[in-house]
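A short worksheet on the structure shown next.
The values are calculated or read from the model by the stated rules, or taken from the named source; none is laboratory data. Just so we're clear, the structure is a prediction, and the values are computed from it rather than from any experiment. Positions of Cβ are generated from backbone atoms using ideal geometry, with glycine treated the same way; all protein chains shown enter the neighbour counts. Note: areas computed on protein heavy atoms with side chains; ligands, DNA, RNA excluded. Shrake-Rupley method; radii C 1.70, N 1.55, O 1.52, S 1.80 Å.
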Amino acid sequence: MKVTISDVARLAGVSTATVSHTINSTRYVSSDTKEKVYQAIAQLGYTPDASARSFRTGKKKTVGFIVPDISNKFFGTLIESAENYLSAKGYHLIIANTKENMDREETNLRLLTAGLVDGLLIASTMDDFQRLDNLIPAGFPVVLIDRTFDTPKYPSVSVSCFQPIYRSVCCLAGQGKRRIGIIGGLPRLSTTKERVAAYRAAVADCGLPQDEALIRYGDSMEDSAPPCLNQLLEQGCDAILVCQGLMASVTIAYLRGQGIRLGQDLELVSFVDYDTHAYEFYYSQVDRIIQPVEKLGRTAGEQILLRVEQPDAPVQERVLTSVYRPRGEESV
């Protein structure tokens, strides 16, 4: 027998109207009451009639998330964290993968904003804010995540890595390293621009050689790391900073395959984009810059629901901070 809204109301000890308002966010319901309703829904396995709800409220209770690479654990963790938050609030999440391709992103933007979702989280690969802006209908709820633009039109949630990168380069310089190389992601991305700017500032302030040959760019995909590494090793680098977690993990494996000893033959600063035991073996051998990925996803979930439920809310630019942890220092 199909579970009904009346069954949920009886188990939660509330009226059917309260259950409806909780599911549809059409009236204030206290946190305690919401919790009882959602527990009853979970216990009974109740599935609301999405089409009827959308017709009554104009909402689909669905958020879209446009990501550049679902195979990257960083974005996988972001998706999971955002979905956990949204699911607890009665929302579903639809994922679109662009593979760092601007045309694919445009196609997904057109599709998702054509009535499929109530709002969008976007980790954009666009090189031009105007192109992105032209694709988003006026007033459509959007939150930029991880990657931002100079024009602050849309709310955003990002992570600043400037200070940790600056500190890591200065620390390496203090150890006597002179040829410090860097591997960044796609040059057009805001994350790459900030990280390379921090590197440049530290190199200049520490009196190190300002050599453009020591700056290499990958495409944020794992296959782009080895060519960049080979180029930097040919430049005589005694330390390398890898500004993206997936490329960093590939770098560690590649260097070991080449017989290069971390912490002895070469110093490495590795981005850690997620909590994983796979890195534990290398903690005593590399410096790390650790990003708060789960908090980033959860905060993005909070912000997109705020935009969906309060479209006229002020634009907020939330900036989280990463942590620099020198090699050998234990995780907290």
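Could you pull out the residue among G119, G176 that is open to solvent by 10 Å² or more (accessible area, probe 1.4 Å) and of a type in the set (G, A, S)?
Working: G119 fails: open to solvent by 10 Å² or more (accessible area, probe 1.4 Å).
Exactly one of G119, G176 is open to solvent by 10 Å² or more (accessible area, probe 1.4 Å) and of a type in the set (G, A, S), namely G176.
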Test: I145 is surrounded by 16 or more Cβ atoms within 10 Å (Cβ to Cβ) and under 30 Å from L112 (Cβ atoms): yes
Count of region 189-216 residues which are of a type outside the set (K, R), surrounded by 15 or more Cβ atoms within 10 Å (Cβ to Cβ) and either over 22 Å from S71 (Cβ atoms) or in contact with a Ser or Thr (Cβ under 7 Å, 6 or more places away or on another chain) (or both): 12
Candidate set: region 92-110, residues that are buried (at least 17 other Cβ atoms within 10 Å of the Cβ) and of a type in the set (S, T, N, Q); chosen: the one nearest to L135 (Cα to Cα): N108
Per-region count, region 223-250, residues over 17 Å from the mean Cα position of the chain (by Cα) and modelled with pLDDT under 90: 5
Residues satisfying the stated conditions in region 7-26, i.e. open to solvent by 50 Å² or more (accessible area, probe 1.4 Å) and either hydroxyl-bearing (S, T, Y) or within 35 Å of the chain's Cα centre (by Cα) (or both): S15, T16, T26
Count - residues of region 62-86 that are crowded, with 20+ Cβ neighbours inside 10 Å and part of a loop (DSSP other than H, G, I, E, B): 3
Exclusive hit being assigned to a helix (DSSP H, G or I) and over 13 Å from K89 (Cβ atoms), set V8, V14, V3: V8
Residues of region 156-169 classified as open to solvent by less than 30 Å² (accessible area, probe 1.4 Å), touching an Asp or Glu at 6+ places or on another chain (Cβ under 7 Å) and either without any contact (Cβ under 8 Å) to a residue 40 or more places away in the chain or of a type outside the set (A, V, I, L, M, F, W, C) (or both), total: 3
Sole residue being open to solvent by less than 50 Å² (accessible area, probe 1.4 Å), of a type outside the set (S, T, Y), assigned to a helix (DSSP H, G or I) and in contact (Cβ under 8 Å) with a residue 40 or more places away in the chain, chosen from L186, L229, L241: L229
Candidates K153, K89, K59, filtered to the one that is open to solvent by less than 70 Å² (accessible area, probe 1.4 Å) and basic (K, R): K59
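Which of the residues belonging to region 198-226 are outside any loop (DSSP other than H, G, I, E, B), among the hydrophobic types (A, V, I, L, M, F, W, C) and closer than 18 Å to L186 by Cβ?
As a first pass, look at region 198-226 and keep what is outside any loop (DSSP other than H, G, I, E, B): 198-205, 212-217, 222-226.
Still in the list and also among the hydrophobic types (A, V, I, L, M, F, W, C): 198, 201-204, 213-215, 225.
Hits for region 198-226 are A198, I215, A225.
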Pairs with Cβ under 9 Å, 6+ apart, first in region 248-273 and surrounded by fewer than 13 Cβ atoms within 10 Å (Cβ to Cβ), second small (G, A, S): D265/G259
Qualifying residues in region 122-134 (those that are surrounded by fewer than 18 Cβ atoms within 10 Å (Cβ to Cβ) and touching a helix residue (DSSP H, G or I) at 6+ places or on another chain (Cβ under 8 Å)) - the one nearest to R318 (Cα to Cα): D127
Test for I304: is it among the aliphatic types (A, V, I, L, M), open to solvent by less than 40 Å² (accessible area, probe 1.4 Å), modelled with pLDDT under 95 and under 22 Å from the mean Cα position of the chain (by Cα): no
Given (1) within 18 Å of the chain's Cα centre (by Cα); (2) assigned to a loop (DSSP other than H, G, I, E, B); (3) more than 18 Å from D69 (Cα to Cα), index of the condition G176 fails: (1)
